[in-house]
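Have a look at the structure below, then the notes.
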Amino acid sequence: MQIDRRSLISLASAAAATPALAQTSDPTEIVKLWPRRPPGAPPVLPVTKITDRIATTGWQDRYATDIGEPLMTVFRPARPNGAAALIAPGGGYIRVVIDKEGFEVARRLAEAGVTCFVLRYRLPKEGWVDASDAPLQDAQRAIRLIRAQSFRRVLALGCSAGGHVAASLATGFARPVYAPIDAADGQSARPDLSALLYPVIDMARPFAHVGSRAALLGPSPTPEAEAKYSPHRQVTAETPPTFLVHAADDTSVPVENALNYLAALRTAKVRAEAHIFEEGGHGFGIRLAQGRPAAAWPDLLVSWLGRRGFLWRAVADAPGVTPA
C-alpha cells in the first residue's frame, strides 16, 4: 500500500497529538512518603539515580534506582472528578520505570479527570531491613497520604512488578508492615479498585518471574515465603474489584499470573474484568501497544471505571473542585 506525502503528514500529526504520549514537561508537585527516614533504613541512605534509555529506545524512557527517598509525582487533571489513582510502574524490583508505565499512564487517566500519583517505591535489594516488605510499606503509606488529602475513591494500578506491588496492596492493605508515624496512618490503605497490567503475581515456579522473585525474596525462598508473597494466595472477599490486562504471548511474565489471580478473585466472589490479548508481549504500557489489539486497554479501563461509579464528580470528594 502506498501512502502519499499528505497522508503521511496527517498520520504523523495525529500520532504527535495523541495526548497520552505527548512530550510535555514533568509535573513539579512531589509528595515525599516519609517525613524522616523510611522504615528499616540502612545507616547511609541510597541516593536516587535516574537513567534515560532514550539512546536505545528513541524516546524518553527513564528509570530510577538507588531509591532512598520514595515519593509520588502528582498529575492534576484540568477537570478533576474527585477520584485518585496510585500508579506503581514496573521494573522487576531492580528499578522503577518512570515514563512508559508511570507518567504516560498518569497522563491518560488525568484526561478522564483522575488525579494521579505515580509511586517511586523502594527496591528490596538496596539495604532495607525488611527488604521484602519495603515496597508494600511505601504503597500502604502512599494510599494513606492520598486519602488524607480527602480523596475517597482511590484506584491502585500497577504494571509488571508494579502489578505485584498493587496486588500486594489489594490483598495486604491491613498487614501491619510498619509502625504508624502520624495522623495519616489512621487512614485505610485499602484501594477501592485495582488495575493490574501484565502483573507479576506468583512467586513459585513454574509461573514466577525469575528476576522479580530473586530481587524480592532472594535466590532460594522457602515455600512459606513464596506463598506469603504470592497475592493470588492472599485474596479474600475484602480484596477490591479488579481489572486485569495481559498478553497471551508474554514470555517474561506468563499469562497464568493474571489467570490465577482472576481465579482467586472468582473463588472469593470479588468482581473482576479481564482482557487477555493474543499479542502484546510484555511491558507494552501505552506506547508499545500502539498498532496492536492491546492498545485498547486504556479505553477499556476508563469504561470499567465509569461503570464502577469511579468517575462521577463530587465537590465533597475534592475540596475546591467545581463539578461539571
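Here are some notes:
- Beta bridges per DSSP with both ends in region 17-134, % antiparallel, nearest 5: 80
- Highest mobility in the GNM of the chain, judged by mean-square fluctuation with C-alpha springs under 10 Å and restricted to ALA167, ALA289, ALA85, is found for ALA289.
- Listed from fewest to most Cβ neighbours within 10 Å, the set THR73, THR65, THR115 follows the order THR65, THR73, THR115.
- On the beta carbon distance between ASP249 and SER303, with R0 = 22 Å, the FRET formula returns roughly 0.35.
- As a proxy for reagent exposure, VAL44, VAL118 were ordered by neighbouring Cβ count within 10 angstrom, fewest first; the result is VAL44, VAL118.
- Label sites at ARG205 and VAL129, each approximated as a point 7 angstrom past Cα along Cα to Cβ, lie 3.4 nm apart.
- With both residues required to sit in region 25-311, DSSP beta bridges show an antiparallel share near 35%.
- Only helices enter the 222 nm calculation for the chain: every DSSP H run of n ≥ 4 contributes -39,500 (n - 2.57), and dividing by all residues gives -8000 deg cm²/dmol, rounded to 500.
- Alpha carbon centroid spacing (whole Å) that separates region 53-100 from region 195-259: 21
- GNM on the chain, alpha-carbon springs under 10 angstrom: the most fluctuating residue among ARG53, ARG141, ARG120 is ARG53.
- Projected over all directions and averaged, the alpha-carbon convex hull of the chain occupies 17.9 nm².
- Estimated at 0.36 nm per residue, the fully extended path between ALA263 and LEU288 surpasses their Cα-Cα distance by 6.2 nm.
- For TRP297, TRP59, the sequence from fewest to most other C-beta atoms within 10 Å is TRP59, TRP297.
- Sites excluded, GluC sites (Glu not before Pro) in DSSP loops with at most 15 other C-beta within 10 Å, longest stretch of the chain: 30-237
- FRET efficiency estimate (nearest 0.05) - Cβ-Cβ, THR222 to GLU279, R0 30 angstrom: 0.25
- Check: region 140-262 dipole with +1 on Lys, Arg Cβ and -1 on Asp, Glu Cβ, in debye: 380
- The phi torsions of region 81-90, fed into the Karplus equation with coefficients 6.51, -1.76 and 1.60 and a -60° offset, translate into couplings of 10, x, 9, 10, 10, 9, 10, 10, x, x Hz, rounded to whole numbers, with Gly and Pro shown as x.
Every number in this text was worked out from the coordinates using simple rules, so none of it is lab data. A quick note: this is a predicted structure, and the numbers were derived from the prediction, not measured. Backbone-built Cβ (ideal geometry, glycine too); neighbour counts: all protein chains shown.
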